[in-house]
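Heads up, the thing below is written out as structure tokens.
The values are calculated or read from the model by the stated rules, or taken from the named source; none is laboratory data. Quantities reported herein were computed from a predicted structural model and do not represent experimental measurements. In this analysis, Cβ positions are derived from the backbone assuming ideal geometry, glycine residues included, and neighbour counts consider all displayed protein chains. Surface accessibility is based on the protein's heavy atoms, side chains included, excluding ligands, DNA and RNA. Shrake-Rupley method; radii C 1.70, N 1.55, O 1.52, S 1.80 Å.
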Amino acid sequence: LHPTAWTSSRAVSYLDTFDFTGSSKMFLKASFHRPHSPYDPPKRLYDKYTSMDPSLPIFQRNINPGTYDDAYLNTTAMGSEAWNGDPGPSASFLSRAAYLASVEFVDEGIGDILSKVEETDEEFMIIWVADHGDMNGDHNLWRKGYPFEESSHVPMIMKHPTSTSPPKSSSAIVEIRDVAVTIWDVIGKLEEVKENDELINGLSLLPILEGEKEKVRDYVDLEHNQVYSDNVHWNAIRGEGGIKYIFNSFDGREQLFNVTSDRYEKRDLALESEYQEELGVWRQRMVEQFEEEGRGEEWVKDGELIMRKDNSLTHSPNFPCL
């Protein structure tokens, strides 16, 4: 049984057998592994996408010669573990077609779950979110773990259990750490949880859901330790107005994008003289955050960000096998 079909069928089965007349409340998490690799959708969906015209926009890779994309252009043969490079138009097309087919298969599974939810005639809070995206060849990169939109910008959909307002979109900056906090807030347990767990660092999105606020933060931090290669090691800040500042920890290279006006991150503003002041503003925000977190001189010293050429991950004291 395919993992996607198994996940949706188990969730539907749970909904079928749960006793809604009892005193227990339901919390159901359906976690789909796909469309994560391997891209192995059912044949009917694979055939649907591979029969499409390869020239369609959905199959085009976002490649910008003469920019930072060139640094990831691996001209050697690409194997199954490759994280960068150009495998050629045929392999690129098949990869994206299989990925899109995998996404549709997950959509079908979620549809089955939501249909069963409707049959229960109960009030549910529904949250739909992904943990990461997939570069799928954009910027000559593959897989996950990068600061660019294709990898780091994920969708989030929430339905308030008692809301009667029409659906709306929000440009508020939110993150996955907000999900649990929002759930606790909805069920009236947030303050109790805060009193017993000092490590909570997400924010409740309930004020946005209820229309009391337009946002809960001005920016969010992102980071990834070394992965695939020494130079894939970065910290970033995504702020209001679409600004994204990236500090590449291995070589100290900075990047600055406005993803509102430059969705595909083709124009690196850090290279332009008129944006040096804004670059400094966002660099300083990262400096101040590292200082507030007490990361130490390995991360910031004398007000300057420090390059980190080794695997400098800071573990929780509760992390096993230290």
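For the range 35-89, the square roots of the Cα gyration tensor eigenvalues, ordered a ≥ b ≥ c, give a/c of at least 1.5 with a/b no greater than b/c, which places it in the oblate category. Ranking T162, W142, V181 by how far each Cα lies toward the positive end of the dipole of the range 128-181 (charges on Cβ) leaves T162 at the top.
Packing here is the average count of other Cβ atoms within 10 Å per residue, and on that basis the peptides 211-217, 178-184, highest first, run 178-184, 211-217. For the range 93-153, the alpha-carbon coordinates run over 47, 25, 11 Å along the three principal axes, in decreasing order.
For the peptides 191-200, 121-130, 250-259, 137-146, the ranking by mean Cβ contacts within 10 Å, running from highest to lowest, is 137-146, 250-259, 121-130, 191-200.
Determine the distance separating the Cα centre of the range 204-253 from the Cα centre of the range 17-64; give it in Å without decimals. Going from one Cα centre to the other spans 25 Å. Does the range 187-317 classify as rounded, prolate or oblate by the C-alpha gyration tensor (a ≥ b ≥ c root eigenvalues; a/c under 1.5 gives rounded; else a/b over b/c gives prolate, otherwise oblate)? Oblate shape, in that a/c is at least 1.5 and b/c is the bigger or equal ratio.
Charging the Cβ of each Asp and Glu at -1 and of each Lys and Arg at +1, and nothing else, the dipole of the chain about its Cα centre rounds to 900 debye. Per-residue accessible area (protein heavy atoms, 1.4 Å probe) orders S171, S9, S95 as S171, S9, S95, starting from the largest.
For semi-axes √(5λ) of the Cα gyration tensor in Å, which listed value, [x] 31, 27, 19; [y] 46, 18, 15; [z] 34, 29, 19, comes from the coordinates shown? Computed from the coordinates, semi-axes √(5λ) of the Cα gyration tensor in Å corresponds to [z]. The per residue volume of the convex hull around the alpha-carbon atoms of the range 1-76 is 197 Å³.
When the inverse distances between all different Cα atoms of the range 86-187 are averaged and flipped, the Kirkwood radius reads 16.3 angstrom.
Per-residue ellipticity at 222 nm computed for the chain from its helices equals -9500 deg cm²/dmol, with DSSP H segments shorter than 4 residues left out and the rest contributing -39,500 (n - 2.57). Taking every alpha-carbon pair within the range 128-216, the share separated by more than 23 Å comes to 36 percent.
Between F105, F93, F20, the Gaussian network model of the chain with springs among Cα atoms under 10 angstrom shows the greatest mean-square fluctuation at F20.
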